[in-house]
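S.K.: Just dropping this structure here.
FYI, it's all coordinate maths here, none of it is from the lab. From a predicted model like this one, the values you see are computed outputs, not experimental measurements. Positions of Cβ are backbone-derived with ideal geometry, glycine not excepted, and every protein chain shown enters the neighbour counts.
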Amino acid sequence: MHRSLLLPLIFLAGCTSHAITSSTLSDAEIADIQSRVEARYPDLSSEKTRAVTELVVRALDNMVPIKGGTFMMGEFKIPCEPGSEQLCYSDFNRDNDYAHTVTLDDYAIAKFETTMADFDLFRALRGSEPYEQGIRESEGGASLFIADKPAWTRNWDEPQAYCLWVGELADRDVSLPSEAQWEFAARNRGKNVLYATDNGSIDRGRNYRARGDFSGTHPVGKFPPNPLGLYDMSGNTSEWVRDWYASDYYSSSPLNNPAGPMAGNSHVLRGGSFADDPRYNTTLLRIHEEDLGFYSEMYGFRCGLDN
């Protein structure tokens, strides 16, 4: 390694005595991220500067490349009974029913939902107090806020701001994934896969929470990923995506890289949470919300990266 690249990394390591490493980025790219962090936050301690740099590096390392393609987005129906030739809708939301052709360019999506620790650091740098501080300090409440559990959210704005912030510091086009990108990835590149598990089905206790487990969210990555290497896209949190919601959007969606309506009153969430019946936590499930008015562990997010 050239000495000029070593210097900022050694400085950043400080009292921790080891440099930041990456599975996907060069030392020069890591140094560039550090420089952007220092320029954005010139008054941060070296420890906090390192923590932010590590967060951004980790976010990029966790991006799973997804080769684009064409698929039929929306309801693909399932056998009404096991082995039956009669097909039924997979859920009760008729807004999801209009199957339509979508073609996506290559992109990437985070293998994990954004964690409590990373979201807390982002919010602290914005000057925001920790949410639900009373619960965090209550007896037994700390278990809900373990660092590697998914972040709690109350609206779309903060998750999108987080992803854009990561993208700014990384100098990459990071944001929430589009609804089409989320579904294509959850369905293993658009296959007719009902659950985003390792085998497309739910096996309680092996690839999904056990029966009687009412403990809320689990740490990210606890169960096996889907075939693309993506974790927790069924049954941990419902995840905000980039799109505004409109009930008739599926019937008017453009063919190439749909990004949702231009405006709306609420945003789309995909996948189901731990609080939902596992039967309905499918790759097709979509709901929409405005600002909840409180932080909820049922609503999380992961970032995406457009090429």
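S.K.: Under 5 Å between amide hydrogens, which residues at least 5 positions from residue 296 or on another chain qualify, with H placed 1.01 Å from N in the peptide plane?
M.R.: When sequence neighbours closer than 5 places are left aside, the close amide H contacts are 153, 154.
S.K.: Assuming R0 = 35 Å, what is the FRET efficiency of residue 192 and residue 161, from their Cβ-Cβ distance, to the nearest 0.05?
M.R.: Efficiency at R0 = 35 Å is approximately 0.50.
S.K.: What distance in nm separates the simple spin-label points at residue 142 and residue 222, each placed 7 Å from Cα in the Cβ direction?
M.R.: Once both label points are built, they end up 1.9 nm from each other.
S.K.: Another question, then. Quote the FRET efficiency, to the nearest 0.05, computed for residue 266 versus residue 43 with a Förster distance R0 of 41 Å and r equal to the Cβ-Cβ distance.
M.R.: Step by step, r from the Cβ atoms, then E = 0.65.
S.K.: Report the equivalent ellipsoid semi-axes for the chain in whole Å, largest first, defined as the square roots of five times the eigenvalues of the gyration tensor built from alpha carbon atoms.
M.R.: Working from the Cα gyration tensor, I get semi-axes of 35, 22, 18 Å.
S.K.: With springs only between Cα atoms under 10 Å, which of 87, 169, 228 fluctuates most in a Gaussian network model of the chain?
M.R.: For the chain, modelled as a Gaussian network with Cα springs under 10 Å, the answer is 87.
S.K.: Okay, moving on. Describe numerically, in nm with one decimal, the distance between label points set 7 Å from Cα along Cα→Cβ at residue 98 and at residue 72.
M.R.: So the label points at residue 98 and residue 72 sit 1.7 nm apart.
S.K.: Turning to a different aspect of this structure: Can you give the direction-averaged projected area of the convex hull of the alpha-carbon atoms in region 123-210, in nm²?
M.R.: In nm², the orientation-averaged hull projection of region 123-210 is 8.3.
S.K.: Highest mean first, how do 198-206, 175-183 rank when packing is the count of other Cβ atoms within 10 Å averaged over residues?
M.R.: With the highest mean Cβ count within 10 Å placed first, the list reads 175-183, 198-206.
S.K.: Among 88-99, 231-242, 114-125, how do they line up from the highest to the lowest mean number of other beta-carbon atoms within 10 Å?
M.R.: So the peptides 88-99, 231-242, 114-125, ranked by packing, come out 231-242, 114-125, 88-99.
S.K.: Using a 10 Å cut-off on Cβ atoms, rank the peptides 132-145, 243-256 from the highest mean neighbour count down.
M.R.: Taking the mean over residues of other Cβ atoms within 10 Å, the ranking is 243-256, 132-145.
S.K.: Placing unit charges on C-beta atoms (Lys and Arg positive, Asp and Glu negative, everything else neutral), compute the dipole magnitude of region 132-251 about its Cα centre in debye, rounded to 20.
M.R.: 620
S.K.: Name the long-range amide H neighbours of residue 174: under 5 Å, sequence gap of 5 or more, or other chain; modelled H, no Pro or chain starts.
M.R.: 167
S.K.: Semi-axes of the equivalent ellipsoid for region 195-248, please: Cα gyration tensor eigenvalues, times 5, square-rooted, ordered largest first, whole Å.
M.R.: 23, 14, 11
S.K.: Can you work out the PRE-style zone for residue 105? Point 7 Å along Cα to Cβ, and I want the residues of region 213-256 with backbone N under 15 Å.
M.R.: 255-256
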